[in-house]
Every structure is written in C-alpha cells, then in structure tokens.
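Enquirer: Sharing a structure below in structure tokens format, with a few things to ask.
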Amino acid sequence: MRRLYHSQVPDTWSQSQIFYTQDESGSRENNEGAVELSQAQAISNIARTVSDLLIQQSSLCTAACHTALVLLDGFTQLEIEMLMSVCGDKNRPRWNIVSWSRDDPCKYSPQTGEHTDDICAVLKRSWKYKTRLRISVHKDGTWTYGPTSTEDRMESNAIAPTLRLRELLHGGGDGSGGAIATRLLKKDKLNLAIAVARSILCLLGTPMMHDGLGVEDIYIAQAADPLGQGALSNKRYVTRALDHMSTGASFKLSGEGHPYILKLGVLLWELLLGRKITINPEDEEDEDGVDSNLSLFNALNREEINSREICVERPILDVIANCLNIYPQTQLDERMVRSIVYWNIVKPLQNYLDSLYTTRAPASALHRKRPADDMTSDESMMKSEHFGSLACGQGEPLALEPRTKRVKEDDPGPQWRKQERRCENCGCLMTPESYAIGIVCALHKELLAVRILFDCTHENIPVPSEDSNHYSFGRMGQHDIVAVCLPSGEYGTNSAADAVANMRRSFPAIRFCLLVGIGAGVPTEQNDLRLGDVVVSHPTGTHPGVIQYDLGKQGEDGVFHPTGSLQRPPRFLLTAISHLISNPNLSPAPLQGYVDQIIATRADYKRPDEEKDTIFETGTVHVTRNGIREHHYADGEQQSNVPRRATHPHIHYGLIASGNRVMKSASARDHLASVYNVLCFEMEAAGVMNICPCLVIRGICDYADCHKNDLWQNYASATAAAYAKLLLTVVRPK
C-alpha cells in the first residue's frame, strides 16, 4: 500500500503536494494518473468545442432539434463517439454514428479533409451510405470530415438503444415488469461504473454533462442492437441522451455544489449495491431554498452511514462516501474537482475491480490527505490553450477532509478487509468467488464426517458481519467446498433456509448445495433399505425428489393432502448420477473406502453390530417406565432383518419426505410410503429446495418409528458424507 507523507520544503503548490513516490509502484501510479488527467482535460476541450459547434449548426437546420446519444465508454481514446439523429421522416427514426476528435495534421489536414458549413447534410449522406462519420474539430472552431475507410462501412444503419439502466437494474423494461434479456454480472457492473465515472471525469464542466447522470439517463445497448457491426453491442457500453442541444446551456459550478458528483454516488449505490435511494420525510430539508439536491444528499448520506457496519463492500462504500464529501465543496475549481474525482472515485473503483480478479488488494478510497493550503488555486497553473494538457504536478491526488460527524480527524478510515486466503496444500489463492459448491449439515457429527473427507483444507475467509454462519473450507477432487452446520440445538426447514440464504449472499458463485446428513428410512417389501444405507433425492414421475409432507390441506375424508411444489435437483447433477450408476467399473462397494477413511480418523463412526439393526411391527408401541424401555407388540413380534451377504452401505434413489416434524409414527410412515413411495424422512430439505439448487443425501439412522435412538447416527453420517464425495468425483467443475 502506498504511504502518504509530506515534503519538508516551503509550502507552495509545487512543493507541498502529496508525494506517492516512496517506491517504484507509487511513482508509476502517479505517472499513470497524470496521463489520465491530461487526457480527461483534452476530452473536455473536445466536448466543449463540439457542443459549441452543434449549438451553432442547430440554427441552420429547419428540422426539429437533433438528439445525440453520447457513448460513455470512459474515453480511452481522444475522441467522442455519438449516435446522432438524422433529418428526415419523423415516423422513421434515423441514426448514424459520429466520431469527433481534435485535428491531427498527420491524419486530416485542410487539404485532405472536406469542409462544409452544414453538418446535417454530411450526416444524412453518411447515413445514406451506411458509413461512420469522422469529424475533426480545430482550435478556431472549424471542422472537417475525413475520407471513408473500409472499417467505417457498416452492414446496416445504427439503431438507438431503448433499454434504460433503471429498467435493467430494477426490472420492467417493457413496462410489464417482465424479465429483460440483458443481465449484468458483478464484473459487468464494476466495469460499467468505472466507464461512467471516467466519462464524468472527462465531461465535467461541459454542456454534455448538464447536472449529472442517473439510472434514468443512461441507456444500455443490448447485443441485438446492430450499432455499426457491434460498435455498441457489448452490454458494458452505456449512452446518455442529450436532448435540446440548441439550448446552449453550459455547466457551471454553482452554490449548490457539484450535483453531478452527488448523482454519481446515487448511481453507484443503485448499480453496485442493488438498492434504490428513497427520500424519506426526514430527508426533505432545504431551509434557504438554495440547494435543490439537499434532500437527495440527506437520503444517500443516511443510507451510506447506516450500511457502514453491515455491508461487506467497504471499498464501494468508501467511493460513495467520497462522492458525498466532494458534493458540497463549492470552493473547488474545475481542475481541482477533476483531480479529486480521479484519485478518490475512478482510481479506487479500478483498484477494487483489479483486486477481485487479480491478487492485488485495493487500499481504502478514503482519506487521501494533503495540506489545506494545497487547495488554493495557482493562477499560473491554470493558464493553458484550449487543447492544452495538464502538467504532471496537476495530476497528483487531492484529498477532502472526512465528514466529522462520522470519522475522527486521525481515523484512518475503513480499511479493506482482505477476503482472499490460500489453500494450505497447494497455495492457490481463494476468494468468496472461488467456491461453487456448498454442503449443509444439520448436526455437528454430520459436518465432522464431511470435513474428514476434505482432500485439503483452506484458511477461513471473512464474511459479512450480518452472516451468522461459521464455515469450513476445503477441497474434494476438483471442487472447492464451503460447508456449514446449523446452529447447535436448532433444526428444521426454517433454520436450514436461513443458513443457506446467508451462504448464498456471502458466496455468490455457489452453483448448488448438497444437504448431507442423517435421515429416517422407510422399510418396505419393495425396498430392502437398512440402517446405514444412503438415500438420494431423485425425481419420480410426479414429484421433484422431495415432498413437504406437513404442508397441505385436510380433506373432508380426513386425509391430509400435501400441496405445493419444490424445485428439482439441477439437471447436471441428475446426469452425473446417471453417469455414476451406469459406470461398469464402479466398485460393488463404492462408499466403503471413504467410510473407512472416516473411521480411521474417528473410531466412534464405525458400523454397529448387525443385530442392532431391528425392525418392529407397525403396531408395536415403545414406552419408557422409570427409565426402563418396554415394547408392547400389538400386531406381531419383533423382527430382525435378514442379514445381507455384504455389510457395506447400499445406495437408493427416490423420493424423500421433508417437514418440521420428527417422524416417530410407524403407521404415519407406512401411510405416506404407500401413497407416495417415499424412502426417507428428514427435516431440512423443504426449506432449502426453492432457495438454492440442491440434492439431498441421507444416511439412514432409524426407521421413523417410536424406537428411535442415536446408535446409528455416526455411521449414517459417514455413509452420507461418503456418497457426497463419490458424486463429486463425476460432477464436472464449472
């Protein structure tokens, strides 16, 4: 991380600035910043010239006011690209791509470029022949357009995008609230945020900026939009409508501060944190009537402060806080604002993006301090030609004092909580996005069996403070696993749903979950199901693999009818199961090796004696008197299972019944078995199936009757964990 220090020389603008030259990387970063600020100033000069030119040309056109859509790609090149409306039939909107750049004597000279006073005519001609129009502007306000090249010709005319960023983020793009074709991933959102922030850096102080950008002002070009053979087809490209260019309104710094910075903070909040900013009655405050944006400032300020302790996206909150810090600073001139925006908004966003997809962690965006005297403008440094560039000294980072109501003067500010750890075995870098599979256990004995089967373990990764789960990290085969156990003493669908919801928020890359643990088996004549066997949820003809047997309605006939529907296991898991079952080389005892591995570590997970696997008649009632177990056989005698030739656990695929009630009634068990052909009862799956794609794996520890005991629970936990690892050997990594 770059350290901040001040030079010990007389306090002048050129000598008392912040130095980040303690190491080579800091010096390189300063140079990069100076280049970017210089280019931003050059783009700003082009934007002013183009705006003035379009305002003048509007008086020559008898048609209605033209509309321009400016491509906000961050302006990595010294040109401004627009979609401009073409004069013609009002019922047939016509658009053409126009690229504006400053004059380049090596490329376009007055001798090679064509000059005219009518932009509309040139624009219409380019549209007619489906070519991109390239216009070069000059310092004296004149312009020329260059010859057409092969790369400028397009297959079809451009079409203006219609999808607003607001619709993309909050839905209802067609007014019906339906789904929209384009979706933004986290990386897309960060790239889009950086492009918008860089564009504001370049366009501030120009008529193209006006008072800022919001989610309502920005349009997203979808992949289907034929904008010049994909010129705007990437979803990270955004545009802003500039209506009524003929007004000639120019942006000026006013007593209201910098509204475009405030609106950028709101846009970043909605784009990167996914929540709208709502102005509450207590936010509505403007006693003197000077600041029309004060209510919006209060709303964003409230949300940012309240989220500081619960949001894991601290770097994003730091950037939004900087937007709030910059907004009321009316004493800053354009050059200072541009430098502050770069070092406190654009650069931290880029650092955060880099940290998520490289091994470098970003520094906090807050508190880039410099002496207060450095905020004084030096008139000699402000003198430049219309197309001049910033000197290197002007590219140094400026800083704002933090809001004192939130941070102390000497507080270093919220620091980046490093969310990356390394694998203890191979040293691979692990982040929350590294984990694609979750394992959920209800009991600690179930999780213990799973953790023993980890091929290697990973260090703990920090999670948001609002996540109450404690996670275990490891690897099985080619898969990185995050495992969680329900809170001690809690069980059932509600607790499981809460645990999985927290897991998905903290680990957004999770593809599916495996619910691994014990369950109660249903012995029938059709299914030779024994204690220690494994039951795996599998769709039947009418059910998705799991039914919630305690959610439904009671009919007039007194029969309870389960209602509702749960999600099926993911298709790729079902095909993996098919591949596993059909493998001719699969061992007759495929789970035994993994079970032995668990027993080698924990001897108390070994298989109980065969005579302990006992089935009672359905009419048998178990009671306890004075601590002594007694059995009353109403319909018959105690039955012992016929011993198998092999004692290794068998695998069964079929329907699992899930509910919040412990099944301890043999008659209720047999009724559900006869109606739905369920193989197993458990208590968590129904709360999870519709939250996250999942598969349920249960080792059988009892027969769902009144004779429940804990004797087989450890071994059943081991067999369930063994099947989970066996399945993951055939599931392809993403």
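The values are calculated or read from the model by the stated rules, or taken from the named source; none is laboratory data. Only a predicted model underlies this, so the values are computations on that prediction, with no experimental measurement involved. Neighbour counts are summed over all protein chains in view; Cβ atoms, including those assigned to glycine, are modelled from backbone coordinates with ideal geometry.
Enquirer: Looking at the structure I just gave you, is Tyr237 aromatic (Phe, Trp, Tyr) and either surrounded by fewer than 22 Cβ atoms within 10 Å (Cβ to Cβ) or modelled with pLDDT of 80 or more (or both)?
Expert: Working: aromatic (Phe, Trp, Tyr): yes; either surrounded by fewer than 22 Cβ atoms within 10 Å (Cβ to Cβ) or modelled with pLDDT of 80 or more (or both): no.
Here the answer is no, as Tyr237 does not meet what is asked.
Enquirer: With respect to Asn306, is the statement that it is in a helix (DSSP H, G or I) and modelled with pLDDT of 90 or more true?
Expert: Details: in a helix (DSSP H, G or I): yes; modelled with pLDDT of 90 or more: no.
For Asn306, the condition - in a helix (DSSP H, G or I) and modelled with pLDDT of 90 or more - is not met.
Enquirer: Quick one: what pairs do we get from the stretch 694-709, first residue within 18 Å of Pro570 (Cα to Cα), second assigned to a loop (DSSP other than H, G, I, E, B), C-beta under 6 Å, 6+ apart or different chains?
Expert: Cys694/Val688; Leu695/Pro569
Enquirer: Among the candidates Leu213, Leu232, Leu227, Leu192, which residue alone is on the phi < 0 side of the Ramachandran plot and modelled with pLDDT of 85 or more?
Expert: Being on the phi < 0 side of the Ramachandran plot and modelled with pLDDT of 85 or more holds for just one of Leu213, Leu232, Leu227, Leu192, which is Leu192.
Enquirer: So, of the residues in the stretch 644-682 that are at pLDDT 80 or above, hydroxyl-bearing (Ser, Thr, Tyr) and in a helix (DSSP H, G or I), which turns out to be nearest to Gln567 (Cα to Cα)?
Expert: The selected residue is Tyr676.
Enquirer: Within the stretch 464-485, which residues are assigned to a loop (DSSP other than H, G, I, E, B) and among the charged types (D, E, K, R)? Give the derivation first.
Expert: Residues of the stretch 464-485 that are assigned to a loop (DSSP other than H, G, I, E, B), as a first pass: 464-470, 477-478.
Within the stretch 464-485, Glu466, Asp467 meet the criteria.
Enquirer: Give me the residue from the stretch 710-734 that is farther than 29 Å from Pro584 by Cβ and touching a residue at least 40 places away in the same chain (Cβ under 8 Å) and, out of that set, surrounded by the most Cβ atoms within 10 Å (Cβ to Cβ). Step through it out loud before you land on a result.
Expert: As a first pass, look at the stretch 710-734 and keep what is farther than 29 Å from Pro584 by Cβ: 710-714, 717.
Right, trim to touching a residue at least 40 places away in the same chain (Cβ under 8 Å) and you get 711-714, 717.
Working: Leu711: 15, Trp712: 22, Gln713: 20, Asn714: 25, Ser717: 27.
Residue satisfying both the conditions and the ranking: Ser717.
Enquirer: Restricting attention to the stretch 301-331, which residues are under 21 Å from the mean Cα position of the chain (by Cα) and either under 12 Å from Leu264 (Cα atoms) or outside the structural domain of Leu272 (by TED's automatic domain parsing) (or both)?
Expert: Correct list: Val319, Ile320, Ala321.
Residue by residue, here is whether (1) farther than 30 Å from Ala666 by Cβ; (2) in contact (Cβ under 8 Å) with a residue 24 or more places away in the chain; (3) assigned to a loop (DSSP other than H, G, I, E, B); (4) within 30 Å of the chain's Cα centre (by Cα) holds:
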| residue | (1), (2), (3), (4) |
| --- | --- |
| Thr457 | yes, yes, no, yes |
| Ala497 | no, yes, no, yes |
| Ala501 | yes, yes, no, yes |
| Val516 | no, yes, no, yes |
| Glu525 | no, no, yes, no |
| Val536 | no, yes, no, no |
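Enquirer: Taking Gly517 as the residue in question, decide whether it is at pLDDT 95 or above and buried (at least 22 other Cβ atoms within 10 Å of the Cβ). Spell out how you get there, then give the answer.
Expert: Values: at pLDDT 95 or above: yes; buried (at least 22 other Cβ atoms within 10 Å of the Cβ): yes.
It is true that Gly517 is at pLDDT 95 or above and buried (at least 22 other Cβ atoms within 10 Å of the Cβ).
Enquirer: Right, Val341: closer than 26 Å to Lys187 by Cβ, at pLDDT below 90, aliphatic (A, V, I, L, M) and not assigned by TED's automatic domain parsing to the domain that holds Asp188 or not?
Expert: On the way: closer than 26 Å to Lys187 by Cβ: yes; at pLDDT below 90: no; aliphatic (A, V, I, L, M): yes; not assigned by TED's automatic domain parsing to the domain that holds Asp188: yes.
Here the answer is no, as Val341 does not meet what is asked.
Enquirer: Ok, one more. Taking the stated definitions as given, is Ser587 farther than 30 Å from Cys692 by Cβ and at pLDDT below 95?
Expert: Numbers: farther than 30 Å from Cys692 by Cβ: yes; at pLDDT below 95: yes.
It is true that Ser587 is farther than 30 Å from Cys692 by Cβ and at pLDDT below 95.
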